[in-house]
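Notes follow once the structure below has been shown.
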4 protein chains.
Amino acid sequence: MTKIPVGVLGATGMVGQQYISLLINHPWFELRYVAASPRSAGKKYKDAAAGRIHFPGVEEAAGELVVADASDISRAASAAKAGDCAFVFSALEMGKDEIKALEESYAAAGIPVISNASAHRWTPDVPVLVAEVNHSHVDIIPAQRKARGWDRGFIVVKPNCSIQSYTTPLYALMQAGYEIKRLIVSTLQAVSGAGYPGVPSLDMIDNIVPYIGGEEEKSEMEPLKILGSIEGGGVNTASFIKNAELPKISAHCNRVPVSNGHTACVSMEFGPKKPSIEEVKKIWNDFRSLPQELKLPTAPERPIIVREENDRPQPRKDRDTDKAMAITVGRIRPCNVFDLRFVGLSHNTVRGAAGGGVLNAELLKQKGYLG
Amino acid sequence: MTKIPVGVLGATGMVGQQYISLLINHPWFELRYVAASPRSAGKKYKDAAAGRIHFPGVEEAAGELVVADASDISRAASAAKAGDCAFVFSALEMGKDEIKALEESYAAAGIPVISNASAHRWTPDVPVLVAEVNHSHVDIIPAQRKARGWDRGFIVVKPNCSIQSYTTPLYALMQAGYEIKRLIVSTLQAVSGAGYPGVPSLDMIDNIVPYIGGEEEKSEMEPLKILGSIEGGGVNTASFIKNAELPKISAHCNRVPVSNGHTACVSMEFGPKKPSIEEVKKIWNDFRSLPQELKLPTAPERPIIVREENDRPQPRKDRDTDKAMAITVGRIRPCNVFDLRFVGLSHNTVRGAAGGGVLNAELLKQKGYLG
Amino acid sequence: MTKIPVGVLGATGMVGQQYISLLINHPWFELRYVAASPRSAGKKYKDAAAGRIHFPGVEEAAGELVVADASDISRAASAAKAGDCAFVFSALEMGKDEIKALEESYAAAGIPVISNASAHRWTPDVPVLVAEVNHSHVDIIPAQRKARGWDRGFIVVKPNCSIQSYTTPLYALMQAGYEIKRLIVSTLQAVSGAGYPGVPSLDMIDNIVPYIGGEEEKSEMEPLKILGSIEGGGVNTASFIKNAELPKISAHCNRVPVSNGHTACVSMEFGPKKPSIEEVKKIWNDFRSLPQELKLPTAPERPIIVREENDRPQPRKDRDTDKAMAITVGRIRPCNVFDLRFVGLSHNTVRGAAGGGVLNAELLKQKGYLG
Amino acid sequence: MTKIPVGVLGATGMVGQQYISLLINHPWFELRYVAASPRSAGKKYKDAAAGRIHFPGVEEAAGELVVADASDISRAASAAKAGDCAFVFSALEMGKDEIKALEESYAAAGIPVISNASAHRWTPDVPVLVAEVNHSHVDIIPAQRKARGWDRGFIVVKPNCSIQSYTTPLYALMQAGYEIKRLIVSTLQAVSGAGYPGVPSLDMIDNIVPYIGGEEEKSEMEPLKILGSIEGGGVNTASFIKNAELPKISAHCNRVPVSNGHTACVSMEFGPKKPSIEEVKKIWNDFRSLPQELKLPTAPERPIIVREENDRPQPRKDRDTDKAMAITVGRIRPCNVFDLRFVGLSHNTVRGAAGGGVLNAELLKQKGYLG
């Protein structure tokens, strides 16, 4: 099989590197185009990223590629025409408005954009994809293309890394028929979520920081769009994704001295129908979704792993489970205030960032949108 | 002024050492008696504790004292008679039942016990003291003595270190007239809470552990006794402390790679009357209690410090505020599910353990119970 | 090919688990026998090790095996006879004399012992093997067997984990014709070297400990045996390994807050013939030895990896290179006092412990000693 | 006594803050002038430094002072004239040449400069002061003033923080009559040495970095100037400080996950006369110098503290000894290659930076240079 050529925007940053690392030996995709800031443009990747390569194999995989200027759309379009860039993963790090405009330019130039950036998460016709949860939201792409006059291009995004440790577990319970009304979550988040150089070590030695700018708002709102539904699309209204109304979420986001792996402590209030602990475990253990049915290469075999030990999940022990794509949960127990409590954990730069993006690309390919 | 001679039980352990460290240059109390396990008994303190002294000054302060066997009550009684041990701080580390019996033996021998151990926290006539909150609970001591036939001895205990970061703030709000109905708390707790050797470093490098045995139950229940009231004491009923019914608390307790300082992320649901954020700040900033009025030497000037920065409190920056006895709070903001959220922080081995014990002793002295 | 059945002694400890983990899917060996302390004996491995399994896959691989008492030699002999235990990896954790005697009993019972323990490192006819360095020392086995009256059994050991980061690089230079006279080494050693629970977290948060009991002596002496030669073996003298006289080594051993990966800062004084930096790099990059020629499954392709960046090797980035079996070196530069300096790094529980042991077993198998 | 008014240049940076913190309640000096980059100039200190104040009390001490532009010499001169700035501590963070010129401008304007910066460390007539070691080097000031045409101003600097853990111990031995010929040192340095934000946390979680740019050269060379002597000063030659020729030093500098406190592992080669371990201990324990004789307020009572435990010094336990101004040494033992080995530790931002600077100022004041 000929592999689909793919580009990475923001290729020298931490998430960009994570994308490159995950594309090494990918069965369907092949890295052929890297773009970054004007400062890096024109250099070989290995020179542009020298001294700040965080993942093994990245230098070997991308080192000889010449970095393009990410804002040079015509260059990307030429690459696309030359068969070197059928779509891009966007890991751009710039101002929100700039990213927004730039991603639209790529789409307009016929290059689908699968983005890690938050810029388009609240654009009404852009889906925020967690492949196991709202794969059906890709169906908005034709409407998105039509509304914007794009033929081949489109934009999909993935949500913030902080929500991955609880959103899929919640969805599994909802799909099994249990309404979840309210949620109070405290997250203990890894420093890699802030990129590199990111959090100063003086703040992370013998310390935690109980604040991450903008993170609590994202953690409270993004799940509602993911759990929402495609509406509109009639004669007079454009298609858009309408937020779910529940659950109401309150998030306390903390930065802790962990390299990778976000942990979430969750208290859930159900509607009138309440599952037992054993039912919850069974629902989570049995949960499979479209990525598993389609056997997408990056999909974990079991999206949710239930640990029975009373001190798990733990970041260092559980974050890498099943290619770092599985969500590990544990400590499922009654809540003294709401109904049930649990602890969820996911790898923030794989499941929560580049790995989730690659999985989304695999889904889109199988659904025919990258053809 | 002649200082009151005091003993420390469990003097070679971590909390015992913290007591010794806080008694250095204490204006009212003087360390004159140290007791520990039979293994240490008969040795000079500096030899018994060699290689595991954690605080500066401890060796100089206690090094030449000969360690007694903590279970040798007659020896303690002789010391008391000789004017070397008017009361003891108990930092015993043994089985719960053993501690319970041993502490009772000291009290029966006429030696008041101010305990750090959890053994007697649920004994109905033993107060669980946070000096700023339930100082009035010391009034149960006469009934305790009477019921047990003790003349001079008595037992008071201090609560678990995990609750100190939120119980005093809650109390200040309740005292200002705001009912608090429900509370969901996630704690990020320092490793010193587990003593020494305590938590293995392999569990605390690039990791957190979302579980501390027994801690969630304590964090949920102990505040209710502290916020309770003395009942009974009539002709037919013994005096006892009746738990408050509210707030209902759900606690998620996590161990994090921090040496000292427990952080709590708290969501509060008030009764019908709800304070504004500004009111909450004012109540906390203005809060003073009996230890402040009595100008007890170990009392912080302001029991609750409100920080306005959005990323505080932090353990390394705030735990030592005002002799490590102040509670620092911050991030007071609306809760998306309950009414208000905040972050609280206290030093777990000072405010939450030995410092709290010394403050309790100062209170008891001023109230005439150590006379 | 039928796999050779193998046992692990001390199977529930950290190094024992590391062995089990490395035997998963091993092409030549198959775990069939696990032994540990009497406390664990008779239990299923998953129950005996419950709550302290550190590596993924270990529970699946060994969980259903029933743990034998490691000191029950007759049980091991039966297992050997039944075809379940052709040799053992010893990761025993007990007194040195006990281990010594026990390992000899296994050998006497016809079960070869490949040991991680330090007990036999200074037994004259027991080789201390680093497969790339002194593979020829296995040739002492016939003499060892003969002297002790063993037919099939024998004992080989691997050296302390602290020396792996510099011994192979030294050997490569010596083999290329450069005499190394003196060496001053400072190590920054990972906490996993102390096992579990091992180093308390209170000692490793915002701290380092400049002392590891017995480690400096091992770091200074063991390389001399490894670099030594088999002597004796005539009519009147037993065969033994005679220490090399050079290099003289001074080691400063420090414990640092790193989970895995020992770093060594090395200053080397050569004899009259001194290599240039470029020669050193070429020698190290080109170095291959018998394990590479024999293509042993656990052998790294290149035993020594030279990094050109000025801030490498680093534990988190380099320890896992080539199945965690390669030694990474960097910062090769002139020494202001001796001739040259460099930094070496190896994974202490893989290259420096269980991985080194498995590699030794592979070597012994190919040399016909496990046949 | 009227306090001497003092200014801090680079007042918002980490070392600048450390200076401010040490000047709180200083018996001789009073902070009256703060200067920083143009970005901060004109703002109140509390606003200029908002969100990055690292030390308690700094905001209270300096918060209301209006920050001057550090390159505005005329403003400083006015402040000097107005009696608000008799001398300055320089903690400037800019290009080396800029700092050099700027410090000279202050001196030319009649304002003595006591500098933390490395810019002037190799200027021949500028002393690099460690108050206990080369206090006599202040005698070059008259010649410095004369050569440059300065009346009241002058420049003195302090050395790099990395050398403090071994230079004073070496000097004490040399002064006792023992020549030290060669030294191989490995340092384990705290992250605060790199300022704030400084070292990224991703590099300091489960990791060490065996490289600090420029640090090894400083660690090898600066002690030689400190141990040197004032030469020249005749009719035809300007006065200058001539380097000592010994000891030759080789330094390996490592960054480790410690907030404060640099540790040094040292191997020493003596001349023909070699002290015993007991002599070394006695020399270090007995060592006192001019700052102690003059009872300078910031001087530690005993400059060198010898610990007898085999696992000390340790950063978290020893860095704060005697106002964080004492150097703690331990593990004095024979060296297998040179003569003796030891471990030294000092607080890098106090003893090694601002505290050393304040002590230098106290010395200069008592010697009449700030009068």
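The values are calculated or read from the model by the stated rules, or taken from the named source; none is laboratory data. No experiment lies behind these values; they were computed from the predicted model shown. Note that each Cβ is placed from the backbone with ideal geometry, even for glycine, and that neighbours are counted across all protein chains shown. For accessibility, only protein heavy atoms count, side chains too; no ligands or nucleic acids. Shrake-Rupley method; radii C 1.70, N 1.55, O 1.52, S 1.80 Å.
Look through C:Gly16, C:Gly63, C:Gly95 and report the one residue that is under 26 Å from C:Cys161 (Cβ atoms) and surrounded by 15 or more Cβ atoms within 10 Å (Cβ to Cβ). I'd like the intermediate steps shown before the answer.
Working: C:Gly63 fails: under 26 Å from C:Cys161 (Cβ atoms); C:Gly95 fails: surrounded by 15 or more Cβ atoms within 10 Å (Cβ to Cβ).
Testing whether each residue is under 26 Å from C:Cys161 (Cβ atoms) and surrounded by 15 or more Cβ atoms within 10 Å (Cβ to Cβ) leaves just C:Gly16.
So C:Leu183 passes all but one of these: (1) within 16 Å of D:Val337 (Cβ to Cβ); (2) more than 9 Å from every other protein chain (Cβ to nearest Cβ); (3) open to solvent by less than 20 Å² (accessible area, probe 1.4 Å). Which condition number does it fail?
Failing condition for C:Leu183: (2).
Given D:Thr328, D:Thr349, which one is closer than 22 Å to D:Leu92 by Cα and open to solvent by less than 40 Å² (accessible area, probe 1.4 Å)? Explain how you work it out, then say what you get.
Values: D:Thr328 fails: closer than 22 Å to D:Leu92 by Cα.
The conditions single out D:Thr349.
On the given criteria, is A:Asp320 without any contact (Cβ under 8 Å) to a residue 40 or more places away in the chain and under 18 Å from A:Leu22 (Cα atoms)?
Details: without any contact (Cβ under 8 Å) to a residue 40 or more places away in the chain: yes; under 18 Å from A:Leu22 (Cα atoms): yes.
Yes: the conditions hold for A:Asp320.
Residue-wise test of (1) within 18 Å of the chain's Cα centre (by Cα); (2) on the phi < 0 side of the Ramachandran plot.
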| residue | (1), (2) |
| --- | --- |
| C:Asp151 | no, yes |
| C:Tyr171 | yes, yes |
| C:Ala176 | no, yes |
| C:Lys181 | no, yes |
| C:Ser186 | no, yes |
| C:Gly195 | yes, no |
| C:Gly198 | no, no |
| C:Asp206 | no, no |
| C:Ser219 | yes, yes |
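Counting just the residues of region C:92-148 that are more than 22 Å from C:Gly371 (Cβ to Cβ) and of a type in the set (Lys, Arg), which one comes out modelled with the lowest pLDDT?
C:Lys96
Counting only residues that are open to solvent by 10 Å² or more (accessible area, probe 1.4 Å) and within 10 Å of chain C (Cβ to nearest Cβ), how many does region D:306-325 have? Outline the logic, then answer.
Applying the first criterion (open to solvent by 10 Å² or more (accessible area, probe 1.4 Å)) to region D:306-325 yields D:306-312, D:316-317, D:319-323.
Checking which are within 10 Å of chain C (Cβ to nearest Cβ) leaves us with D:309-312, D:316-317, D:319.
Selection size over region D:306-325: 7.
Quick check, is B:Ser250 open to solvent by less than 10 Å² (accessible area, probe 1.4 Å) and under 16 Å from B:Leu183 (Cβ atoms)? Spell out the reasoning first.
Numbers: open to solvent by less than 10 Å² (accessible area, probe 1.4 Å): yes; under 16 Å from B:Leu183 (Cβ atoms): yes.
Yes.
Of all the residues that make up region B:187-199, how many are open to solvent by 10 Å² or more (accessible area, probe 1.4 Å) and over 23 Å from C:Asn260 (Cα atoms)?
Taking region B:187-199 first, the residues open to solvent by 10 Å² or more (accessible area, probe 1.4 Å) are B:193-199.
Those left that are additionally over 23 Å from C:Asn260 (Cα atoms): B:193-195.
Qualifying residue count, region B:187-199: 3.
In region C:304-317, what residues are in contact (Cβ under 8 Å) with a residue 24 or more places away in the chain and either within 16 Å of the chain's Cα centre (by Cα) or under 19 Å from C:Thr349 (Cα atoms) (or both)?
C:Ile304, C:Ile305, C:Pro313, C:Gln314, C:Pro315, C:Arg316
Determine, yes or no, whether C:Gly228 is closer than 30 Å to A:Leu202 by Cβ and away from chain D (no Cβ under 11 Å).
Working: closer than 30 Å to A:Leu202 by Cβ: no; away from chain D (no Cβ under 11 Å): yes.
Spelling it out, it is not the case that C:Gly228 is closer than 30 Å to A:Leu202 by Cβ and away from chain D (no Cβ under 11 Å).
Within region A:186-199, track down each residue that is more than 7 Å from every other protein chain (Cβ to nearest Cβ) and either within 24 Å of A:Val266 (Cβ to Cβ) or of a type in the set (Asp, Glu) (or both). Talk me through it step by step, then tell me what you get.
Filtering region A:186-199 down to residues more than 7 Å from every other protein chain (Cβ to nearest Cβ) leaves A:187, A:189-190, A:193-195.
Listed by number, the residues that qualify are A:Thr187, A:Gln189, A:Ala190, A:Gly193, A:Ala194.
Right, D:Tyr33: surrounded by 19 or more Cβ atoms within 10 Å (Cβ to Cβ), in contact (Cβ under 8 Å) with a residue 40 or more places away in the chain and among the aromatic types (Phe, Trp, Tyr) or not? Explain how you work it out, then say what you get.
On the way: surrounded by 19 or more Cβ atoms within 10 Å (Cβ to Cβ): yes; in contact (Cβ under 8 Å) with a residue 40 or more places away in the chain: yes; among the aromatic types (Phe, Trp, Tyr): yes.
So D:Tyr33 fits the description; yes.
What number of residues within region B:144-164 are under 16 Å from B:Leu364 (Cα atoms) and buried (at least 20 other Cβ atoms within 10 Å of the Cβ)? Before you say what the answer is, go through the steps one by one.
Within region B:144-164, the first condition is being under 16 Å from B:Leu364 (Cα atoms), and the residues that meet it are B:144-145, B:151-158.
Going one step further and asking which of them are buried (at least 20 other Cβ atoms within 10 Å of the Cβ), we end up with B:144, B:153-158.
Residues flagged as under 16 Å from B:Leu364 (Cα atoms) and buried (at least 20 other Cβ atoms within 10 Å of the Cβ) within region B:144-164 amount to 7.
Taking the condition of being surrounded by fewer than 23 Cβ atoms within 10 Å (Cβ to Cβ) and assigned to a helix (DSSP H, G or I), how many residues in region D:285-295 meet it? Before the answer, list the steps.
Here is the first cut: in region D:285-295, the ones surrounded by fewer than 23 Cβ atoms within 10 Å (Cβ to Cβ) are D:285-290, D:292-295.
Remaining after also requiring assigned to a helix (DSSP H, G or I): D:285-286, D:290, D:292-293.
Adding up the residues that qualify gives 5.
Give D:Tyr166, D:Tyr211 a once-over and let me know the one that is of a type outside the set (A, V, I, L, M, F, W, C) and closer than 29 Å to A:Ser259 by Cβ.
Working: D:Tyr166 fails: closer than 29 Å to A:Ser259 by Cβ.
Unique residue meeting the criteria: D:Tyr211.
Kindly indicate which of D:Lys282, D:Lys242 is in contact with a Ser or Thr (Cβ under 9 Å, 6 or more places away or on another chain), modelled with pLDDT of 95 or more and surrounded by fewer than 16 Cβ atoms within 10 Å (Cβ to Cβ).
Details: D:Lys282 fails: in contact with a Ser or Thr (Cβ under 9 Å, 6 or more places away or on another chain).
Going through D:Lys282, D:Lys242 in turn, the sole match is D:Lys242.
So in region A:200-219, with the set limited to residues that are surrounded by fewer than 24 Cβ atoms within 10 Å (Cβ to Cβ) and out of contact with any helix residue (DSSP H, G or I) (no Cβ under 9 Å at 6 or more places or on another chain), which one is farthest from the other protein chains (Cβ to nearest Cβ)?
Among those residues, the one meeting the criterion is A:Gly214.
A:Pro27: surrounded by fewer than 23 Cβ atoms within 10 Å (Cβ to Cβ), part of a loop (DSSP other than H, G, I, E, B), modelled with pLDDT of 95 or more and under 22 Å from the mean Cα position of the chain (by Cα), yes or no? Please lay out each step first, then the result.
Details: surrounded by fewer than 23 Cβ atoms within 10 Å (Cβ to Cβ): yes; part of a loop (DSSP other than H, G, I, E, B): yes; modelled with pLDDT of 95 or more: yes; under 22 Å from the mean Cα position of the chain (by Cα): yes.
When the stated conditions are applied, A:Pro27 passes them.
Answer yes or no as to whether C:Lys274 is open to solvent by 10 Å² or more (accessible area, probe 1.4 Å) and either in a helix (DSSP H, G or I) or touching a residue at least 60 places away in the same chain (Cβ under 8 Å) (or both).
Yes.
Within 25 Å of A:Tyr33 (Cα to Cα) and surrounded by fewer than 22 Cβ atoms within 10 Å (Cβ to Cβ): does that describe A:Ser118? Break it down into steps so the answer makes sense when it comes.
Numbers: within 25 Å of A:Tyr33 (Cα to Cα): yes; surrounded by fewer than 22 Cβ atoms within 10 Å (Cβ to Cβ): yes.
Yes; evaluated as a whole, the condition is true for this residue.
Take region C:66-80 and flag every residue that is within 22 Å of A:Glu309 (Cα to Cα) and open to solvent by 30 Å² or more (accessible area, probe 1.4 Å).
Scanning region C:66-80 gives a single hit, C:Val66.
Would you confirm whether any residue within region C:342-360 is on the phi > 0 side of the Ramachandran plot and either modelled with pLDDT under 95 or within 13 Å of another protein chain (Cβ to nearest Cβ) (or both)? Before you say what the answer is, go through the steps one by one.
So the first thing to find is which residues in region C:342-360 are on the phi > 0 side of the Ramachandran plot, and the list is none.
No, region C:342-360 has no match at all.
Here are A:Ile283, A:Ile304, A:Ile327: which of them is β-branched (Val, Ile, Thr) and in contact with a Phe, Trp or Tyr (Cβ under 6 Å, 6 or more places away or on another chain)?
Numbers: A:Ile283 fails: in contact with a Phe, Trp or Tyr (Cβ under 6 Å, 6 or more places away or on another chain); A:Ile327 fails: in contact with a Phe, Trp or Tyr (Cβ under 6 Å, 6 or more places away or on another chain).
Only one candidate qualifies: A:Ile304.
Is it true that some residue in region B:240-247 is within 14 Å of another protein chain (Cβ to nearest Cβ) and under 30 Å from B:Ile208 (Cβ atoms)?
yes
Does region D:255-271 include one or more residues that are away from chain C (no Cβ under 13 Å) and crowded, with 23+ Cβ neighbours inside 10 Å?
No, region D:255-271 contains no residue that is away from chain C (no Cβ under 13 Å) and crowded, with 23+ Cβ neighbours inside 10 Å.
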